[in-house]
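Written out below as structure tokens is the structure these notes cover.
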């Protein structure tokens, strides 16, 4: 697989390590009433879809940036890639 | 029809005209007492033990495609019980005991061969871990033998114990482990279940669950609605997808695991060997092909095929301990979709929906568990209490802090 790195262009997937579902960016509020359940869901449960999946890859053998890759997990087709910090900033300004 | 040597002899003389299909092609009825979703090894075994051991009737087994076409037909056929953790070891040992008597029980040749498995170790720390695991296995009543380098050499003189990057120091042997013919296991259970009255319904995909007031009433399928008060789902690989139809979100990710078979070779590998410095396991099939595999591809996938970097890594690991297989040609590779759970251990449990039971999260250890998984799942569905050896395989164990984490890798499914 080639991952279209937003800064470096197409890079071999072997340069990256994989973390998992991009919902791991959305850390729950520890002061919430439902924090115990929220953190259980955050750490352990996953949607695990068979189609389009947004996921975190780390460019370990490259520029060490975190990337959010949008990929079809049934065909391995990559639909997009963005810097995780951009995704987080957009979320931050929206929230 | 019982299979035996006399029968084969008789059929050979009469042109093999007397054989009948091993199971009926049953049309779905409107309702049953039990529905098992998933016609893989675990689902078929569940239906078989429900009927045979727990004496239940009116059982349907629903399969989306054809039985035995998923992971029971796509694995590396290894059967073993060399686990360490208290919640796991008795379960897998129960499974191995069922394997030892499986062919007699099913009257079906599953080619069960207890040829032994060796987990190699390559440094002092791994040796200490192997001793600890071996002691845990012995304390649980199963078998384990610690081998030093010479002990490994005596069994496998061709292993590269000297010049490898990670020299072999010894290994932990489980003599009762071995391999079985994966397809025959599915077919044997299907035939046995059918003989005990189970309706095996193929090309019947579950598209939804009928749930009223928190209680399951039946399933919607591509062949119409089928009602039943007790429904067990055993569809590992696709667990998240199927259980999402009942509104449940599971602690599971689906990953692809590749496996490989070489051309047929003369017998060179009498048992099963796993490499300790990486992740590589190999055995030789009765047809002569070397059957081997390694790690997951590491990313979520439902694709039934992997990528080349993993192929390269697995082959490199293999050649580093078996230089003599470097010229063997790989005939086939394939990928299977694994339910990877958050601690590397499976689930056999009730769900929050009454009457709906779940069996999954087998990671890449599902094949060896087939008999015990079916037996314990049947026990749960028949009695609403977990079987004695499966009490720890709970769906809520992460919430309560009772992980069964053999590798200590934490909630990172691709590392188990």
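The values are calculated or read from the model by the stated rules, or taken from the named source; none is laboratory data. These numbers come from a predicted model, not from an experiment. Neighbour counts are summed over all protein chains in view; Cβ atoms, including those assigned to glycine, are modelled from backbone coordinates with ideal geometry.
If you take the residues of segment A:55-65 that are at negative phi and without any contact (Cβ under 8 Å) to a residue 40 or more places away in the chain, which of them is farthest from the other protein chains (Cβ to nearest Cβ)? Break it down stepwise before answering.
Within segment A:55-65, the first condition is being at negative phi, and the residues that meet it are A:55-63, A:65.
Still in the running and without any contact (Cβ under 8 Å) to a residue 40 or more places away in the chain: A:55-56.
On the way: A:55: 6, A:56: 10 Å.
Here the residue is A:56.
Residues B:337, B:348: which one is within 30 Å of residue B:383 (Cβ to Cβ) and under 16 Å from the mean Cα position of the chain (by Cα)? Outline the logic, then answer.
Working: B:337 fails: within 30 Å of residue B:383 (Cβ to Cβ).
Unique residue meeting the criteria: B:348.
Taking segment B:371-416, which residues are farther than 30 Å from residue B:52 by Cα, more than 14 Å from chain A (Cβ to nearest Cβ) and over 18 Å from the mean Cα position of the chain (by Cα)?
B:407, B:408
From the list B:362, B:334, exactly one residue is outside any strand (DSSP E or B), touching a residue at least 12 places away in the same chain (Cβ under 8 Å) and away from every other protein chain (no Cβ under 13 Å). Which is it? Before the answer, list the steps.
Details: B:334 fails: outside any strand (DSSP E or B).
When all the criteria are applied, what remains is B:362.
Considering segment A:1-29 alone, what residues qualify as being in contact (Cβ under 8 Å) with a residue 12 or more places away in the chain, assigned to a loop (DSSP other than H, G, I, E, B) and more than 10 Å from chain B (Cβ to nearest Cβ)?
Just the residues of segment A:1-29 that are in contact (Cβ under 8 Å) with a residue 12 or more places away in the chain, to begin with: A:1-8, A:11, A:13-28.
Narrowing the set further to residues that are assigned to a loop (DSSP other than H, G, I, E, B) leaves A:1, A:6-8, A:16, A:26-28.
Of everything in segment A:1-29, those that are in contact (Cβ under 8 Å) with a residue 12 or more places away in the chain, assigned to a loop (DSSP other than H, G, I, E, B) and more than 10 Å from chain B (Cβ to nearest Cβ) turn out to be A:6, A:7, A:8, A:26, A:27, A:28.
Is there any pair with a first residue in segment B:394-405 that is farther than 11 Å from residue A:40 by Cα and a second that is modelled with pLDDT of 95 or more and part of a helix (DSSP H, G or I) whose Cβ atoms are under 7 Å apart and which are 6 or more apart or on different chains, and what are they?
Once the first residue is farther than 11 Å from residue A:40 by Cα and sits in segment B:394-405, its partners that are modelled with pLDDT of 95 or more and part of a helix (DSSP H, G or I) give B:403/B:397.
Can you work out which of the residues in segment B:201-210 that are in contact with a strand residue (DSSP E or B) (Cβ under 8 Å, 6 or more places away or on another chain) and closer than 17 Å to residue B:40 by Cβ is surrounded by the fewest Cβ atoms within 10 Å (Cβ to Cβ)? Before the answer, list the steps.
Quick first cut of segment B:201-210, residues in contact with a strand residue (DSSP E or B) (Cβ under 8 Å, 6 or more places away or on another chain) only: B:201, B:204-210.
Within this subset, residues satisfying the condition of being closer than 17 Å to residue B:40 by Cβ are B:201, B:204-206.
Numbers: B:201: 22, B:204: 24, B:205: 15, B:206: 22.
Going through the qualifying residues, I end up with B:205.
One line per residue, one yes/no per condition, for (1) surrounded by fewer than 22 Cβ atoms within 10 Å (Cβ to Cβ); (2) under 23 Å from residue B:410 (Cα atoms); (3) without any contact (Cβ under 8 Å) to a residue 24 or more places away in the chain; (4) within 14 Å of another protein chain (Cβ to nearest Cβ):
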{"residue": "B:212", "(1), (2), (3), (4)": "yes, no, yes, no"}
{"residue": "B:230", "(1), (2), (3), (4)": "yes, no, no, no"}
{"residue": "B:239", "(1), (2), (3), (4)": "no, yes, no, yes"}
{"residue": "B:272", "(1), (2), (3), (4)": "no, no, no, no"}
{"residue": "B:309", "(1), (2), (3), (4)": "yes, no, yes, yes"}
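Exactly one condition in (1) assigned to a helix (DSSP H, G or I); (2) without any contact (Cβ under 8 Å) to a residue 60 or more places away in the chain; (3) in contact with a helix residue (DSSP H, G or I) (Cβ under 6 Å, 6 or more places away or on another chain) is false for residue B:48; which is it?
Failing condition for residue B:48: (2).
So which of A:32, A:74, A:93 ends up being out of contact with any strand residue (DSSP E or B) (no Cβ under 7 Å at 6 or more places or on another chain), over 23 Å from residue B:343 (Cβ atoms) and within 10 Å of another protein chain (Cβ to nearest Cβ)?
A:74
Is it true that residue B:317 is within 14 Å of chain A (Cβ to nearest Cβ) and either in a helix (DSSP H, G or I) or without any contact (Cβ under 8 Å) to a residue 60 or more places away in the chain (or both)? Outline the logic, then answer.
Numbers: within 14 Å of chain A (Cβ to nearest Cβ): no; either in a helix (DSSP H, G or I) or without any contact (Cβ under 8 Å) to a residue 60 or more places away in the chain (or both): yes.
No; evaluated as a whole, the condition is false for this residue.
Which one is farthest from residue B:339 (Cα to Cα), of the residues in segment B:274-297 that are within 14 Å of chain A (Cβ to nearest Cβ) and surrounded by 20 or more Cβ atoms within 10 Å (Cβ to Cβ)?
At the first step, the residues of segment B:274-297 found to be within 14 Å of chain A (Cβ to nearest Cβ) are B:295-297.
When the remaining residues are screened for being surrounded by 20 or more Cβ atoms within 10 Å (Cβ to Cβ), the result is B:296-297.
Numbers: B:296: 12, B:297: 13 Å.
The residue in question is B:297.
Yes/no per residue for (1) under 15 Å from residue A:68 (Cβ atoms); (2) surrounded by 13 or more Cβ atoms within 10 Å (Cβ to Cβ):
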| residue | (1), (2) |
| --- | --- |
| A:15 | no, yes |
| A:18 | yes, yes |
| A:31 | no, no |
| A:36 | no, no |
| A:39 | no, yes |
| A:46 | no, yes |
| A:53 | yes, yes |
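Within segment B:243-270, how many residues turn out to be over 22 Å from residue B:332 (Cα atoms) and either within 14 Å of another protein chain (Cβ to nearest Cβ) or within 24 Å of the chain's Cα centre (by Cα) (or both)? Give the steps one after another, and end with the answer.
Initially, segment B:243-270 is screened for residues over 22 Å from residue B:332 (Cα atoms), giving B:243-254.
Those still in the list that are either within 14 Å of another protein chain (Cβ to nearest Cβ) or within 24 Å of the chain's Cα centre (by Cα) (or both) too: B:243-245, B:247-254.
So the count comes out to 11.
Here are the criteria: (1) touching a helix residue (DSSP H, G or I) at 6+ places or on another chain (Cβ under 7 Å); (2) over 22 Å from residue B:198 (Cα atoms); (3) not in a helix (DSSP H, G or I). Tell me which single one residue B:291 does not satisfy.
Evaluating residue B:291 over (1) touching a helix residue (DSSP H, G or I) at 6+ places or on another chain (Cβ under 7 Å); (2) over 22 Å from residue B:198 (Cα atoms); (3) not in a helix (DSSP H, G or I) leaves (1) as the failure.
Is segment B:298-307 home to any residue that is outside any loop (DSSP other than H, G, I, E, B), under 23 Å from residue B:411 (Cβ atoms), within 14 Å of another protein chain (Cβ to nearest Cβ) and in contact (Cβ under 8 Å) with a residue 60 or more places away in the chain?
In the first step, residues of segment B:298-307 are kept if they are outside any loop (DSSP other than H, G, I, E, B); the result is B:298-300.
From what is left, the residues that are under 23 Å from residue B:411 (Cβ atoms) are B:298-300.
Now restrict to residues that are within 14 Å of another protein chain (Cβ to nearest Cβ): B:298-300.
Subsequent filtering for residues that are in contact (Cβ under 8 Å) with a residue 60 or more places away in the chain retains B:298-299.
Yes - at least one qualifying residue is present in segment B:298-307.
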